[in-house]
1. With the Cα gyration tensor of the chain giving a ≥ b ≥ c as the square roots of its eigenvalues, does the rule (a/c under 1.5 for rounded; else a/b larger than b/c for prolate; else oblate) give rounded, prolate or oblate?
2. Helix 49-68 versus the longest principal axis of the chain: what angle, 0 to 90°, nearest 10, using Cα atoms?
3. For helix 2-31, report the angle its Cα long axis makes with the longest principal axis of the Cα atoms of the chain; keep it between 0 and 90° and round to the nearest 10°.
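Throughout, read-outs are computed from the coordinates displayed, never taken from laboratory work. These numbers were taken from a predicted model, which means no experiment stands behind them.
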Amino acid sequence: STAMILLPMTTISLMTKAALLSMVFLWIRASYPRFRYDQLMHLVWKNFLPLTLALTIWHIAFPISLTYTPPIT
């Protein structure tokens, strides 16, 4: 049947994707230097937290602001 033919391709595809993802992860991890704990905390508090808060506020405020704008015809 068709399911028996597609099953090995699905398994091979899944294994290939997992292997590629693992290789990309290891490559990126080996390419960049390790951060000290204080550098990591500085990065999180000074860069990632404001960006995350800004994007969260944007995703909350943008749909609300679209409901109050008149349609353009």
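1. oblate
2. Here the helix axis deviates by roughly 70 degrees.
3. The helix 2-31 is inclined about 60 degrees to the chain.
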